[in-house]
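Everything below concerns the one structure shown next.
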Amino acid sequence: MDPLEIMLDLEKAKPYYQAIFSADSHEVTGYQVLGYIETETGNKSLSEFFQDDNVPEDFKIEMDRHLHKQALEQFIEADLKTSIYLIVHQDYLMSSEEDDFIQEILSYEERGLDLSQVVIEIVEQDDIKKVSVLANSVKYLKTFGVKFAINDALKGANNLDRISTLEPDIIKINLASLQSQSFIDNYQNIIYSLSLLARKVGAELLFDGIHSSYQFHYAWRRNGRYYQGEFFSGAKSHFVENTVWKDKFKQDIGQFIAIERSNLTAKYQLTAQLNQQFHDVLIQTKRVKELDSRLELIAEEFQAICFRMYVTDGEGFQKTVNIEYKESNWVADQSVKSKNWSWRPYFIENVIRMNEEKVGILSDLYSDIETGEMIRTFSYPMAADLYLFMDISQMYMDDNPYLLW
């Protein structure tokens, strides 16, 4: 529809509500307000209207006000104890209309609305320079109990800087593209970073765009507390029962837990197996005094699992060559000898753990600096102040999918 036609028929625009579910209660915890308009062929979403850069900002602000007014009045009348999510473009919060917007939100407190139930969902844009200005409005409204969410944190520029500055209560991640392998490859590390940052700033993760059990499982494994999408409930003209999905939610999460337990058990069993194998092979090779020669003998025992092996001291200085398996042969890389790896994440922590626990450690999944592939490393306390590191091959991990979790 033409934007002008839409504005002329403003009274036909109505708020719809998409339920948001909580991982801890398995119940509806909030509703996102979405705009729909009555047409001759039925009610249609206004998402294109809001996303179209050619639509004047004044039109969008007026439509926002119209939808928010109806939604908040219906929310108060229903006397719900959940949250209500209002989508607001950050330019609106920083425009000359800013005071009007803030005062309008605050006015609903006098009508019986608990402002701690309101979540302002900020639509991200690419101008990072505006964030410090936006932060003032955010902090002011927070003093009244209003919460803030960053909308679709995978989009926009400088996401981590923006989130650190705004300190949102909720970080929203859209998984609509998760069906494609390119999405998984490009964004899984970003999602991991967002989950770490969320913990640092005290924010919760809300995963949106969930259309399948696979996406639900993906969101659950990445510490999502809130979930939204057609898989649970589409946008509706009315509020739904809080427990509408509770039984199914419990059933699905029970399956996720069973899968997680199975994978974790397999990883613990592999760790125990590798610990025993390293213990035995170190005894078998202890008469070989030259460290590089000994390392090559050890590597040959792990040819089926290893593609690279090396030894460092407790301060991270490499004491051997890299022994790398290439084209069916073990090759020594002399260039890395004496380099220091103490700057790598968890290096010092893992050395201390090996010293205290006297056993080897299987790392988390991470991206290898040289190959760019997702790998794991098994580290083992070899001798006094010597630690052996074995990088597990991609082929072995593909054959044992639990290592890819």
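The values are calculated or read from the model by the stated rules, or taken from the named source; none is laboratory data. Values in this document were obtained by computation on a predicted structure and should not be read as measured data. With ideal geometry, Cβ positions are generated from the backbone for all residues, glycine too; neighbour counts draw on all protein chains shown.
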Taking the condition of being touching a residue at least 60 places away in the same chain (Cβ under 8 Å), more than 26 Å from residue 259 (Cα to Cα) and buried (at least 16 other Cβ atoms within 10 Å of the Cβ), how many residues in the stretch 362-405 meet it? 6
I need the full set of residues from the stretch 233-291 which are of a type in the set (Lys, Arg), in the same structural domain as residue 321 (by TED's automatic domain parsing) and more than 23 Å from the chain's Cα centre (by Cα), in order please. 286, 287, 289
Only residues that are touching a residue at least 12 places away in the same chain (Cβ under 8 Å) and either under 18 Å from residue 376 (Cα atoms) or β-branched (Val, Ile, Thr) (or both): list them for the stretch 280-300, please. 281, 285, 298, 299
Does the stretch 313-342 hold any residues that are under 25 Å from residue 396 (Cβ atoms) and either within 33 Å of the chain's Cα centre (by Cα) or basic (Lys, Arg) (or both), and which are they? 326, 341
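Given the criteria within 29 Å of residue 22 (Cα to Cα) and surrounded by fewer than 20 Cβ atoms within 10 Å (Cβ to Cβ), does residue 45 qualify? I'd like the intermediate steps shown before the answer.
Details: within 29 Å of residue 22 (Cα to Cα): yes; surrounded by fewer than 20 Cβ atoms within 10 Å (Cβ to Cβ): yes.
Here the answer is yes, as residue 45 does meet what is asked.
Tally up the residues in the stretch 213-265 that are acidic (Asp, Glu) and closer than 30 Å to residue 13 by Cα, please. Give the steps one after another, and end with the answer.
First pass over the stretch 213-265, keeping only residues acidic (Asp, Glu): 230, 241, 247, 252, 260.
Still in the list and also closer than 30 Å to residue 13 by Cα: 230, 241.
Within the stretch 213-265, residues that are acidic (Asp, Glu) and closer than 30 Å to residue 13 by Cα number 2.
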Search the stretch 223-265 for residues being touching a residue at least 40 places away in the same chain (Cβ under 8 Å) and among the basic types (Lys, Arg), and hand back the single one that is surrounded by the most Cβ atoms within 10 Å (Cβ to Cβ). 225
